[in-house]
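Working notes for the structure below.
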Amino acid sequence: MKTMTCIEDLRQTARRRVPRSFFEYAESGSYSEQTLHANRADLEAIKLRQRILVDVSSRSMQTTILGEPVSLPLALAPIGMCGMQHGDGEILACRAAQAAGIPFTLSTMSICSIEDVAGAVDKPFWFQLYVMKDRGFVRSLIERAAAAKCSALVLTVDLQILGQRHRDIKNGLSVPPELRISNLIDIATKPAWALSIARGKRKTFGNLAGYVRGTKDVQYLSRWTAEQFDPTMNWKDVEWIASIWPGKLILKGILDAEDARTAAKTGAAGLVVSNHGGRQLDGAPSTISALPRIADAVGSSIEVLFDGGIRSGQDLMRAVALGARACLSGRAYIYGLGAGGQAGVARAIEIMRNELSVSMALTGVTSIKEIDRSVVVS
């Protein structure tokens with residue numbers, strides 16, 4: 001892992017080690033992927049303001065997220081089927097995050113269940129929730145997350161209807177999924193990946209086991225999941241969830257200032273400026289372009305987190321400068337997971353930590369609280 005100098009190095013390694021269908025599932029966006037690419041392009045277009053002759057010999061990246069101390073302004077975002085990048089992937093990623101002093105978010109559509117992860121790590125983690133038509137299932141997930149002492153519930157609010165991802169269909173990850181000779185041949189050329197999956201606790205969606213009948217029938221399970229996304233979801237559902245969740249609530253998927261102001265009135269502790277990584281509404285604005293308006297709209301009434309395109313410490317600085325308290329990153333650590341399991345996730349975090357430290361020094365700031373819009377070139 002020491003030869004991995006940047007997230008792109010991890011990406012290229014993961015691309016070689018993980019079967020194409022699962023690698024592209026994590027990497028792809030919806031439709032023509034305009035928003036997916038805009039997330040990165042707009043971040044890279046923001047230039048940092050170089051400053052000189054400032055004493056930066058002592059620097060701190062420590063901050064807080066929802067009142068909890070963290071070692072840098074970063075959390076690992078929820079990723080569906082994370083455990084198909086590497087066996088027990090959710091457990092390994094959570095361990096790496098906790099060792100680094102940052103939060104990990106477990107997806108509803110994880111391979112390892114809430115209980116699997118809780119039993120394998122030492123500290124609480126965040127749990128991401130989808131609102132499905134089966135409200136009894138939603139309630140049961142909330143109760144399980146509370147029983148596991150999850151420290152925050154991350155409610156995804158931008159997935160009432162699933163955006164089409166062309167690459168998933170081409171790779172046979174449609175609903176129901178297709179087993180193709182090309183996929184089987186691809187898997188056969190990835191023995192280390194296959195061994196890690198074989199040794200993993202589960203081979204399907206762990207959070208659905210015991211609730212949805214026929215969880216060993218992948219076709220039925222995938223069809224049930226696709227049919228469960230609920231186009232009737234509205235702000236009353238947020239109120240209902242807030243009334244039964246005993247801890248901190250985060251609303252993920254805010255891209256509009258008006259929606260952000262409404263979110264701030266729900267009692268949620270935080271919101272995440274997010275377009276689902278470019279996987280939902282293609283043609284939507286990049287998250288970094290929406291961030292300043294949202295941060296200005298809500299002020300200090302709710303904590304603003306940022307998601308979308310984070311690949312470096314420089315990206316962390318850009319987002320914090322434009323109003324984010326901290327960032328969520330998904331693909332960056334997924335590349336690390338695919339490249340090297342827990343050590344790969346730890347390396348992804350370390351890369352971004354080191355880049356942020358150097359960027360702070362070269363822009364003349366010594367703490368996270370000093371990072372504001374003055375560090376970017378207007």
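The values are calculated or read from the model by the stated rules, or taken from the named source; none is laboratory data. Since this is a predicted model, take the numbers as computed values, not measurements. Here the Cβ positions follow ideal geometry from the backbone for every residue, glycine too, while neighbour counts run over all protein chains shown. Just the protein is used for accessible areas: all its heavy atoms, side chains included, with ligands, DNA and RNA removed. Shrake-Rupley method; radii C 1.70, N 1.55, O 1.52, S 1.80 Å.
Which residues in the range 94-113 place their backbone N less than 15 Å from a point set 7 Å from the Cα of residue 343 along the Cα-to-Cβ direction? Those under the cut-off are 96. Seen from every direction in turn and averaged, the convex hull around the alpha carbons of the chain projects onto 17.5 nm². Across 211, 335, the residue with the most accessible area heads the list, and the full order at a 1.4 Å probe is 211, 335. Applying a length cut-off of 20 Å (Cα extent along the axis) and a mean Kyte-Doolittle floor of 0.0 to the DSSP H helices of the chain leaves 331-362. Between residue 62 and residue 232, the simple label model (points 7 Å from Cα in the Cβ direction) yields a spacing of 4.9 nm. Take every Cα pair under 8 Å whose residues are at least 6 apart in sequence, average their separation, divide by the length of the chain, and the relative contact order is 29 percent.
To the nearest 0.05, what FRET efficiency results for residue 16 and residue 281 with a Förster distance of 22 Å applied to their C-beta separation? Provide the component values of the computation, followed by the final result.
Working: r = 32 Å, r/R0 = 1.45.
That pair, residue 16 with residue 281, gives E of 0.10.
For the range 252-339, the pair-distance distribution built from all alpha carbon pairs, in bins 10 Å wide starting at 0, is 18, 51, 26, 5, 0 percent.
Of 322, 208, the order by accessible heavy-atom surface (1.4 Å probe, DNA, RNA and ligands excluded), from most exposed downward, is 322, 208.
Please work out the average accessible area per residue across the range 284-356, using the 1.4 Å probe convention, and give it in Å². Please report the intermediate quantities before stating the final value.
Numbers: 1710 Å² over 73 residues.
Averaged over the residues of the range 284-356, the accessible area is 23 Å².
Extension gain, residue 369 to residue 300: 0.36 nm times the residue separation minus the Cα-Cα distance gives 23.4 nm.
Each label point was placed 7 Å from the Cα along the Cα-to-Cβ direction; for residue 242 and residue 256 their separation is 1.8 nm. A Förster distance of 45 Å, applied to the separation of the beta-carbon atoms of residue 135 and residue 354, puts the FRET efficiency at 0.50. An ellipsoid equivalent to the range 282-378, defined through the eigenvalues of its Cα gyration tensor, has semi-axes of 24, 18, 11 Å when rounded to whole angstrom and sorted largest first. Atom-type composition of the exposed protein surface of the chain places 53 percent of the accessible area on carbon and sulfur (1.4 angstrom probe). Taken as Cα centroids, the range 222-269 and the range 304-361 sit 25 Å apart, rounded to the nearest whole angstrom.
Using a simple spin-label model with pseudo-atoms 7 Å out from Cα toward Cβ, residue 192 and residue 376 lie 3.7 nm apart.
Per residue, the chain reaches -13000 deg cm²/dmol at 222 nm when only DSSP H runs of four or more residues are counted, each adding -39500 (n - 2.57).
Gain in length, residue 265 to residue 49, computed as 0.36 nm per residue apart minus the alpha-carbon separation, to one decimal in nm?
Numbers: separation 216, 0.36 × 216 = 77.76 nm, distance 3.53 nm.
Between residue 265 and residue 49, full extension yields an extra 74.2 nm.
Taking 24 Å as the cut-off for C-alpha to C-alpha distance, list the pairs among 47/252; 133/201; 47/369; 2/149; 170/203; 123/369 that go past it. All intermediate terms of the calculation are to be shown ahead of the outcome.
Details: 47/252 27 Å; 133/201 28 Å; 47/369 19 Å; 2/149 35 Å; 170/203 22 Å; 123/369 26 Å.
In this structure, 47/252; 133/201; 2/149; 123/369 lie more than 24 Å apart at Cα.
Overall, the chain carries a charge dipole of about 740 debye about its Cα centre when +1 sits on the Cβ of Lys and Arg and -1 on the Cβ of Asp and Glu, all other atoms neutral.
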